[in-house]
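Since every read-out is calculated from the coordinates, none of them should be taken as a lab result. Just so it is clear, the model here is predicted, and its values are computed rather than measured. With ideal geometry, Cβ positions are generated from the backbone for all residues, glycine too; neighbour counts draw on all protein chains shown.
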Amino acid sequence: MNLAIFLFLSFALLGSIEVAKRQFKLSADITRKATHVGAALIAAASPLFLSPIVIVVSCLFFAGLLFAGRSSNLFSSIHDVKRKTYGAVFLPLGEALSAIVFLSHGVREFQFGVLVMGISDPLASLIGERFGRHNFKILGNRKSVEGSLSFFLSALVITFIFSPVFGLPLILIPLVLTFVELVLGYGFDNLALPATGALLLTLL
């Protein structure tokens, strides 16, 4: 039953955002970010009612489904963007990787990495696209000071929520995660951020 609820929520998220995009002619950049956040929230809650192995298998299933949908118009709310990115596929793969390595040791670490990826990453993209005025390129990826600052500040808040301590670790964790988001393009940050965040919180 718990797995059925997880699958229902996941398909409901994909379906409702897809319908909203087509009905209201929303930009795929907006619907991608909404899916990004929603999927991360569902994944963060999943350890409360699913075993690690079920979470891993479910994430791999959705990664395969999204990869298959790249060649069709099935998930236009996710894939219909001009830039080359595999972020939609790497998102569930990143969650699966983090679950494999960290979930058996602690739910908190897994949730932290997933939420940083699911909240800070799309927020940085949104702020950078809408308000970015100081743009630069790093390893061929176009970034903005405003977007990176948004990522850092939101990751800082999430870090404090999960580990309310003051001092160097509170600053160092979001700094490292911001660097990871900066240097990884084509959606690879979705693959790396959950596990990196979980590792950093484990070491804190």
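Structure values in brief
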quantity: Under the span-like rule (Cα at least 20 Å along the axis, Kyte-Doolittle mean at least 0.5), DSSP H helices of the chain; calculated: 2-24, 28-45, 52-68, 145-162, 168-183, 188-203
quantity: Highest to lowest packing among 173-186, 15-28, 88-101, scored as the average C-beta count within 10 Å; calculated: 88-101, 173-186, 15-28
quantity: Estimated dipole of the chain in Debye, rounded to 20 [Cβ of Lys and Arg +1, of Asp and Glu -1, Cα centre]; calculated: 640 debye
quantity: Hits among aspartates and glutamates - C-alpha to C-alpha of Lys21 under 15 Å, sequence gap 8 or more where chains match; calculated: Asp29, Asp80
quantity: Kirkwood Rh and Cα Rg combined as Rg over Rh, evaluated for the range 2-203; calculated: 0.96
quantity: Which of Phe11, Val176, Thr202, positive extreme of dipole for the chain (C-beta unit charges); calculated: Phe11
quantity: Filtered trypsin sites (Lys or Arg not before Pro), the range 102-148: DSSP coil and at most 14 other beta carbons within 10 Å; calculated: Arg133
quantity: Over the chain: helical MRE at 222 nm, DSSP H runs n ≥ 4 each giving -39500 (n - 2.57), nearest 500; calculated: -23000 deg cm²/dmol
